Structure formats: C-alpha cells, structure tokens
Amino acid sequence: MTGPRNGTGGLPSRTSTNRARPSGSTPPPAPGPEIPVPGPRPVVWAPHARIIEVVLPQDDGGEERLPLRLMGSTLPGYWAADGELPAGTDYGYSIDGGELLPDPRGVWLPAGVHGPTRVFDPGFDWSDGAWTPPDLGSGVLLHVDVATFTPEGTLDAAAGLLPSVADLGIQGVELAPVASFDPDQGPANGVRLYSVHEPYGGPRALQRFVDAAHGAGLAVVLDVPYRWAVTRDLGLHQFGPYAVGSPSQVRDRRSPLAVRSDSVAAMRPRTGQVPLVRPRTGQLPVVRGRTPSVPSAPTVRTDASTPRINLDGSGSRGPREFLVDDAKHWFTEYHLDGVVLDVDALTDRSQVPFLGDLADSVVMVGESTRRRLSLLIDGPGRSDRLTSLVHRLLTTPGNPRDVDDLRVLAEIMQPAVRRNVRQTPAGRRAQHVGRRGGPRPGAAVVENITRLPAATLAIPWPADDSPARGLLEMDDLDAKASLLACAVLAGTPLVLDTLHVPVVCRTERDRRLASWARDLIKLRHDMSDELDLPLEIRATPDSTVLIIRRGNGALVLNAGTGLAALRLGNVLRPAESDLQAPPPAAFRLVAAWEPGATRLVGDTLTVPGRMVAVLRAD
C-alpha cells in the first residue's frame, strides 16, 4: 500500500486517535506513521538490531547485501531501503550479519516459510466492482479447507466448485487458514501470517478465488491463524519482541474469560453508533449441569509452550501494527469480506485493547472501499456449543438436564449479535452526501457463531477434544439431518461443513443431504426477519422430543427411537404473556426429513424416531 511520501524515509503519515485513560495508568503504545506494507520497498521492524541488510540471492549461488537505514524518531525501530525492488525479486533480511531471514510481512514465499521472500505485485484485474457483501450476522457460510475441498487441493480447483456452493443457497465461504507453513511440520509449528501457501496456488490464486466467489454471489471470510503466528521456529524473535510468555501465563488475577470479555467489549458500539436493541454483557454464563467433556464457556486449550503475541508488553507497538496491517492487507489486496478473530490468541491487558484498534482500522478500510466488512469472533469452546448439546440429545435421549442446558444456551446465543463499530467523521459525513439508502460502509463485529463439527477441523485451535467431534464418527444419516436442521434454524451466523452439506454428490445419500440442506437454507432465508427473535425451548415430559420455537416457526426433533405423536395444542401453546404468537392451529408442516412418515393430521403431528420436522404458521 502506498500513500503520500514525507521527509521521514518516504513513508506516509498515520493519524493517531486520542483516547481517555485512567489517571496514573501506563499509556498504551502510541501508533506511528503508517507503513506501506507489504510493498516493493523493503521495510522491516527490528528495534534491537545494530545493522539490517536486505539480502538478494544471486543465480550463481552468491548474494548481494545492501544496508538499510533507520527511519527516524517518528518510526522507532523501523528500517527501510531508499528504493524499491522490482516485482518478482527474491530477497530476505540479515540481522547483525546473520543468515537470510524471510520478510515477516512477506506475501509470496515460493521457496517455503524459511526461504527468501519474493516481491509480489498486487495489481489484479478485479471484476467485482458492483459486489455488495451480505449481512454476515445472519448469514450461512460453508467452511472450505483448500487442502481437502478438492482432489487437487488448490484455490483454483476450489473456485470451480463455487457455483455449486451458491446453488445450495449459501451466502459465502469461510476459508480455513491459507497462510504459508512448513509442509513437513504442519501449520501449528508456525505460519507466515501475510502469505498464501504456495501449494494452494499462492497470493494470485487467492485473488482469483475471491473474484470468482463474488462473481457467484458468495462472500469470502478468512480464518487468520493468530495463535500460530509467533512460534519460535519462524525466527521472528530475531527481529523483535513479537512474542511474550505463553497463553498459560496470567499477569493479573482476573480469569482469562474476563480478560477476553474486556477485549470483545473494546469493539462494542462507541460514541455515535447505533446501540443494540438488546445490549448484553460480554461474559458468557456457565451452562449448569454439563459434564466435564462439554465446554461450558470459552476456554483456552493451547499448548502451554506456544508463545502468545506481544500485544501489551514492552515493545508491543511493533506486533500490534504487524497484526493491524495484516488485516488491512487481506481486505484491500484480496477484497475479503471478513476475517475470523481467534480472541483467545489475542489476549491483551493494555488500557486500549488491541481489538479496538483493529476494529477502528477495519472501519477506515471499509469506508475507503465503500464496503461493509465483518470481524467474526470465535475461539475454542465458542462455536461448537450447540452441536455438542444436540450430540448429547441424539446419543442419550431423555435426559432433562440436556434440555435445561439448551434453554440456557438459547439465552446466551440470542439474539444474533451484529455490533456496528465506530465510524470516522468522514464516514458519517459520507452517509449524508450522495449515498443515502445505499449500503453503509464500515465494519461490524459478529459474535455467537455456530459451526457444524467438520468446520472445526482446520481452524487455528485444537479441536480434538471437542465434544462435537463425536458427530464426525457417526455414520447416521438421520442424526446428520437432525443436527443440520437444528443448526440452520438456530439464528446465529452459521458455518456449515461438507460432511453435512455435500457440494459434490457422489451417492444417493449425498444428494438427499444436499437437497435437505437446500430446503432448510431457503426456509432460513424466508424467516430472516425473525432470526433476531428469542428462542423458546420446550420438551415432552420424558425429554425425548425437543421443540424449538421462534416467531412463526417451530422445529420438532424426536431424539428417541419410537414414533412420537404430539398434540400441537399442547406443545405449541403460546405463553399467556405472548399476545403476538400465532395459535397452534395456524401451523403447517413445511419440511420433514422423512416426509412419508411425518404427518400433520388435524392437531396431531407424528414424527418418527430420530427424525425432525419443521412447521410454520400462516
């Protein structure tokens, strides 16, 4: 990214935002001038180095070394070259005469994560000028792991299936992390955050993928693997204090959950924003009655030896700018519509939390590009809560405590949260000048995602101990259909997987599941105005039949093995205080996994065992 050049090393200036802080507190690291990254001009942050050289490998096996210079007091710790490198040039950095190290902000790594960086020209002939992203706060995404989505394992091959994804009624795709990693060690050993894995096709292939997705009417959201970004094998510690301690180290007496709540709160509406209809606190209550195998709230499940990103310690200014620029890079150079934030990996106890700075920067990108961008909150133990409970209901039906847990979870997850983050004054003025009635640019923070089980396999946190993993081992078509129905109609932003929603149908089972998913997604779109309404959870006295009701819709899940005959006058009778609820007689059967055996005759609904039915009121 480039901008107006000034007299300090030819870099554009960054405007800083003053924020109030408690008297006597230590001020957060002040932001400096904006750095054009990644770009053709070698620029690197190395605050403790004595000499930095850019290393240019030669064809004969030798190398040329050119010294960089410090940028000055306005950019402490930054070194830069006076000129730019041509696109396609391989280079790296040497610290104090050491060996070649890749650029920490390198985009193109054809020789792998430990080889030289190649200058990438981000220029691309985009065809998505008229693209308007959907509201991801109520959207339906499909999780795509490039390595396993197609036999070829490339972004270009995955792009060939995008029309089939759109045909299902899905609104976008969530890409599993695409950052470069060592194939022999795996991504958990370290990723180059700015880059695109060369075996997937590299950065140009990601641009082609996003352009094709937008052409097919699909948004693209990317999982960013923050918790793998500062492992020691990457060598970032040689540049500066990118990492500190480990996620298991707590530097104050607050619980990690409280710390994460503060971080999420940093992105909630500020002055000048539209408040939530139903404001909520950030901390998630514990669901009572759970077994130890089911997480009751977000918990950190990382390797204790893995360092965390330095967002609040000494020298944290560089890592904070490193992550902010990375997010901006994905939005501007690749036209992404959202990124998934692993908030457990972004633990921050500074007076101005990093997530607030990140949200502000994304707002400015959204306003400059006139697109509405999304930051999706996730982390271990957050997005698999619903599927974990449904798993328990299907495997051990009849436990009233499971129904109670689901009632509590319904209170936690509803309404679907879409928080507008602060607009800049220029963005607010733009709303009143020539763009009224159009899409509002800026950014939104989306919480309470619901993932289907296989959508947790390639995200950047361990999923082996997830209770929902048991669903992956169930070759029960009826159970898959029931889980899919509960998830699609849950109301939260939804991430589907190809295990429950086949894109390439090779068998009759696949075709039946895909057709069922298409019908459910259409029903969800039809009831989009009701997705923010609270859920009401009911059950039969023996707790084998679950009734989930919202607005004019109802889902009936028979988790038992026998046939269930239900009187709608009993199970759908509205509460006396709910004067707007439709009467039971208004409901009709609109979808059933086994339509031949599921019937609504008069007031009686018959649902076979381990089957699900969907009703709507006229």
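Values in this text are rule-based calculations from the coordinates and carry no lab data. None of these values were measured; they are calculated from a predicted model. Cβ coordinates were reconstructed from backbone atoms using ideal geometry, including for glycine residues, and neighbour counts include every protein chain displayed.
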- Note on the structure: Amide H neighbours of G217 at under 5 Å, excluding residues fewer than 5 places away on the same chain, with H built from the backbone geometry, are none
- Note on the structure: In nm, the gap between the two label points placed 7 Å beyond Cα toward Cβ at E508 and A87 is 5.3 nm
- Query: Which far-off residues, 5 or more places away or on another chain, put their amide H under 5 Å from the one on R599, with H placed in the peptide plane?
  - Reply: T606
- Task: Treating only the Cβ atoms of Lys and Arg (+1) and Asp and Glu (-1) as charged, compute the dipole magnitude of the stretch 535-617 about its Cα centre; round to the nearest 20 debye.
- Result: 160 debye
- List every residue whose amide H lies under 5 Å from the amide H of A443, counting only residues 5 or more places away in sequence or on a different chain, with H placed 1.01 Å from N in the peptide plane. L373, V421
- Output ³J(HN,Hα) for the stretch 553-558: one whole-Hz value per residue in order, computed from phi by the Karplus curve 6.51 cos²θ - 1.76 cosθ + 1.60 with θ = phi - 60°, and x for Gly and Pro. x, 8, 10, 10, 10, 8
- Message: What's the ranking of 107-115, 340-348, 395-403, 201-209 by average number of surrounding C-beta atoms within 10 Å, highest first?
- Response: 340-348, 201-209, 107-115, 395-403
- Message: Could you give each residue of the stretch 532-541 its phi-based ³J(HN,Hα) in whole Hz, using Karplus coefficients 6.51, -1.76, 1.60 with θ = phi - 60°, and x for Gly or Pro?
- Response: 8, 6, x, 7, 10, 9, 10, 7, 6, x
- Message: At a 10 angstrom cut-off on C-beta neighbours, averaged per residue, how do the peptides 354-364, 146-156, 526-536 rank from highest to lowest?
- Response: 354-364, 146-156, 526-536
- Note on the structure: Diffing the stretch 60-70: the Karplus 3J(HN,Hα) column from phi (6.51, -1.76, 1.60, θ = phi - 60°), in whole Hz with x for Gly and Pro, holds 7, x, x, 8, 10, 10, 10, x, 9, 10, 5
